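The values are calculated or read from the model by the stated rules, or taken from the named source; none is laboratory data. Everything numeric here is computed off the predicted structure, so don't read it as measured data. Virtual Cβ from ideal backbone geometry, glycine too; neighbours counted across all protein chains shown.
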Amino acid sequence: MIAAGSTVGAPGKNGAVLAALTTDRPGWSVQLLADDGTAIGEQERVDAERIAALETEHHPRWIWNDTLTTYPALLAAGVRLDRCHDIVMTERILLAREGRFGEPAAAAAVEARRLGHPVPEDLAEDLPSAVPVLFDTHTHTPDPGVDLPALVNAYLDQLSRVATAAAGRPGEDIAVDPGALRLLIAADSACALVAAEMGRFGMPWQPDVHDRILTEKLGARPAPGERPPKMAVLAAQINDAFGFPVNPDSAVDLRGAFRRAGFELETTRSWVIKEVDHPAVPAVLAYKELSRLHSANGWNWLTEWVRDGRFRADYVPAGVVTGRWATKGGGALQIPKVVRSAVVAEPGFCLVVADAAQLEPRVLVAVSGDEKLAALAGDDDLYVGLAEIGFSGDRSKAKLAMLGAMYGQTSGEAGRLVATLRASFPAAMACVETAARRGEQGRLVTTVLGRTSNPPSAAWTEIVDTGAGPEASAAVERRGRQVARDRGRFTRNFIIQGSAADWAAVWLSTLRQSLRQVPGAELVFFQHDELMVHCPAEQGEQVARMVTEAADTARRLVFPHGRARTPVRPLVVKCYADAK
DNA sequence: TCAAATGGCGCC
DNA sequence: AAAGGGCGCCATTTGA
């Protein structure tokens with residue numbers, strides 16, 4: 001379990017609690033340290049076996065520059081480690097709070113340069129998009145320009161900055177408890193371990209089942225560059241219905257075809273086309289659906305991403321500004337429901353699939369401290385209670401209002417419903433609306449654990465300032481107001497989505513710790529507010545309980561003062577498609 | 001001709 | 001039903 005407010009665990013036998021590690025060729029270099037950073041013994045060139053022995057003997061927190069470029073090679077060598085401190089990930093969190101967003105986050109590398117070591121440009125310019133993600137687990141890439149003293153300096157430097165960073169900066173209102181920030185750092189580091197482990201183990205995936213789904217929907221697998229049979233039939237029907245050739249893959253062509261047929265469409269999105277009264281419409285909609293399946297999760301995806309019965313994704317923990325995970329390639333966070341029956345536990349194993357029910361509205365309850373809303377939070381279905389209070393029992397309206405409030409909807413029915421919500425729950429609404437106003441002013445917002453929004457770009461400031469200027473034309477003024485409002489919607493949602501991501505990160509990393517007691521159990525999937533464990537069938541119920549307990553721990557740690565609940569719903573199944 | 005932008009849609 | 005937040009990915013289109 002992650003201890004809030006502490007950065008290190010119990011001392012090991014020899015007093016060592018930390019182990020700085022760099023990747024060298026061949027092998028690794030390690031320095032054991034006490035919790036104040038004092039070296040214990042000598043720097044050591046080590047192999048995987050020695051690292052495993054150090055883990056057993058000292059159970060240290062491993063300090064390294066970047067989990068995603070360090071840990072996969074260790075996993076490939078058969079070493080699993082329990083705890084780490086990820087310098088790069090921590091640096092991004094701290095820099096954002098210090099108003100130094102966008103500065104190089106490779107702290108150890110920066111420190112190494114200060115000490116006079118050469119730092120290659122690619123590492124020095126370590127912006128989030130430039131972080132090398134080496135998921136080839138057999139790649140063993142040395143840390144260029146990073147040595148053990150630099151790593152230790154970077155670690156101590158980061159520790160010393162936590163309290164100030166937690167306090168934030170004058171005028172920004174982003175202060176959080178230092179313990180919260182430490183929890184965030186620990187959770188993010190642990191999530192990086194999860195991401196590497198999950199990427200290596202992979203999600204059980206049966207290619208024959210997937211192929212059956214594709215063949216059923218699309219017809220036999222076509223030659224490369226050809227349309228699958230059922231798409232070809234639909235394309236022909238579309239041509240017939242219009243009376244002239246149309247390429248349904250081309251939005252330009254499709255829009256032109258509808259124009260010739262007398263329909264002026266803003267876009268060719270499916271919900272727009274659905275409203276058009278023309279004989280081609282059903283075939284167009286069917287074609288779009290099949291086309292999406294074929295191009296995003298068709299046979300090409302299957303051959304590229306599924307090997308040896310596993311889908312191995314490249315996860316990027318906290319890769320999104322809000323702290324949500326991202327992926328590189330494979331689209332692991334957009335697996336369509338229609339192919340989920342291909343995810344099947346191995347013989348003798350089961351899948352424990354769990355999602356957090358109505359997480360975002362519950363997070364709003366917690367971060368806003370709205371007492372009236374909190375009174376509803378005990379219900380299993382938050383929207384039912386909400387409906388009774390403000391929406392004459394209409395659950396769908398209550399849900400729409402809540403989503404509209406969190407996403408910043410102002411127009412249409414949802415906009416009106418948000419107004420109703422505001423009347424009943426002023427504190428909750430004030431919370432999101434304050435966040436929106438800060439965004440409109442170009443200011444920052446923070447999640448509950450202290451992840452801070454990125455500042456607006458210079459271009460944004462320019463547009464907003466010009467729009468507010470005395471000589472602005474009506475159009476320029478309108479444009480300025482619009483980008484300001486867009487920014488407000490972003491910051492409004494940031495505090496909710498990001499705080500939900502905080503909770504989920506603690507949930508995931510807490511569960512990872514519990515699962516060490518269950519031989520054969522592996523986290524195999526994580527998607528924002530949902531996770532999946534692959535474990536021996538007889539341990540399914542035990543793992544399900546752990547999932548629930550981890551959620552409870554996460555609630556206590558992340559929302560210590562809140563009355564919000566964060567219930568999760570673990571299901572023990574054979575197949576992902578059965579988890580509904 | 002090639003890289004970047006756009007449109008569209010899957011997930012939460 | 002529509003369209004507010006966050007993404008990644010594909011095919012097509014655009015523009016240097």
Checklist entry - What do you reckon, is A:Ala475 touching a Cys at 6+ places or on another chain (Cβ under 6 Å), without any contact (Cβ under 8 Å) to a residue 24 or more places away in the chain and not aromatic (Phe, Trp, Tyr)? => result no
Checklist entry - List pairs: first in the stretch A:396-413 and touching a residue at least 24 places away in the same chain (Cβ under 8 Å), second more than 6 Å from DNA strand C (Cβ to nearest atom) and β-branched (Val, Ile, Thr), Cβ under 7 Å, 6+ apart or cross-chain? => result A:Ala405/A:Val418; A:Ala405/A:Val432; A:Met406/A:Val432; A:Met406/A:Ile496
Checklist entry - Just to be sure, is A:Ala554 without any contact (Cβ under 8 Å) to a residue 60 or more places away in the chain, part of a helix (DSSP H, G or I), within 16 Å of DNA strand B (Cβ to nearest atom) and closer than 22 Å to A:Asp381 by Cβ? => result yes
Checklist entry - Yes or no: A:Thr548 closer than 20 Å to A:Leu382 by Cα, part of a helix (DSSP H, G or I) and more than 16 Å from DNA strand C (Cβ to nearest atom)? => result yes
Checklist entry - For the stretch A:39-62, does any single residue satisfy the condition of being within 21 Å of A:Glu197 (Cα to Cα), assigned by TED's automatic domain parsing to the domain that holds A:Ala187 and in contact with a Cys (Cβ under 9 Å, 6 or more places away or on another chain)? => result yes
Checklist entry - So which of A:Ala475, A:Ala387 ends up being in contact with a helix residue (DSSP H, G or I) (Cβ under 8 Å, 6 or more places away or on another chain) and over 21 Å from A:Gly323 (Cα atoms)? => result A:Ala387
Checklist entry - In the stretch A:294-313, which residue that is surrounded by 20 or more Cβ atoms within 10 Å (Cβ to Cβ) and not hydrophobic (A, V, I, L, M, F, W, C) is farthest from DNA strand C (Cβ to nearest atom)? => result A:Arg312
Checklist entry - Could you list, in sequence order, the residues of the stretch A:48-76 that are modelled with pLDDT of 95 or more, more than 16 Å from A:Gln31 (Cα to Cα) and not in a helix (DSSP H, G or I)? => result none
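Yes or no, residue by residue, for (1) assigned by TED's automatic domain parsing to the domain that holds A:Ala428; (2) buried (at least 23 other Cβ atoms within 10 Å of the Cβ):
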{"site": "A:Ala472", "(1), (2)": "yes, no"}
{"site": "A:Ala475", "(1), (2)": "yes, no"}
{"site": "A:Pro519", "(1), (2)": "no, no"}
{"site": "A:Leu531", "(1), (2)": "no, yes"}
Checklist entry - Which residues, counting only those in the stretch A:244-263, are surrounded by fewer than 11 Cβ atoms within 10 Å (Cβ to Cβ) and either within 11 Å of DNA strand C (Cβ to nearest atom) or not assigned by TED's automatic domain parsing to the domain that holds A:Glu226 (or both)? => result A:Val252
Checklist outcome for this item: Checked the stretch A:281-325 for anything of a type in the set (Gly, Ala, Ser) and either near DNA strand B (Cβ under 10 Å from one of its atoms) or out of contact with any Phe, Trp or Tyr (no Cβ under 9 Å at 6 or more places or on another chain) (or both); matches are A:Ala283, A:Ala286, A:Ser291, A:Ser295, A:Ala296, A:Gly298, A:Gly323
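The rows are residues; the columns are (1) at pLDDT below 95; (2) surrounded by 12 or more Cβ atoms within 10 Å (Cβ to Cβ); (3) away from DNA strand C (no atom under 11 Å from the Cβ).
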{"position": "A:Ala195", "(1), (2), (3)": "no, yes, yes"}
{"position": "A:Pro204", "(1), (2), (3)": "no, yes, yes"}
{"position": "A:Asp208", "(1), (2), (3)": "no, no, yes"}
{"position": "A:Glu226", "(1), (2), (3)": "yes, no, yes"}
{"position": "A:Asn239", "(1), (2), (3)": "no, yes, yes"}
{"position": "A:Phe242", "(1), (2), (3)": "no, yes, yes"}
{"position": "A:Leu265", "(1), (2), (3)": "yes, yes, yes"}
{"position": "A:Arg269", "(1), (2), (3)": "yes, no, no"}
Checklist entry - Within the stretch A:486-496, can one find any residue that is among the aromatic types (Phe, Trp, Tyr) and closer than 30 Å to A:Gly442 by Cβ? => result yes
Item to check | Qualifying residues in the stretch A:341-356 (those that are out of contact with any helix residue (DSSP H, G or I) (no Cβ under 8 Å at 6 or more places or on another chain) and in contact (Cβ under 8 Å) with a residue 40 or more places away in the chain) - the one farthest from A:Glu530 (Cα to Cα) | outcome: A:Glu346
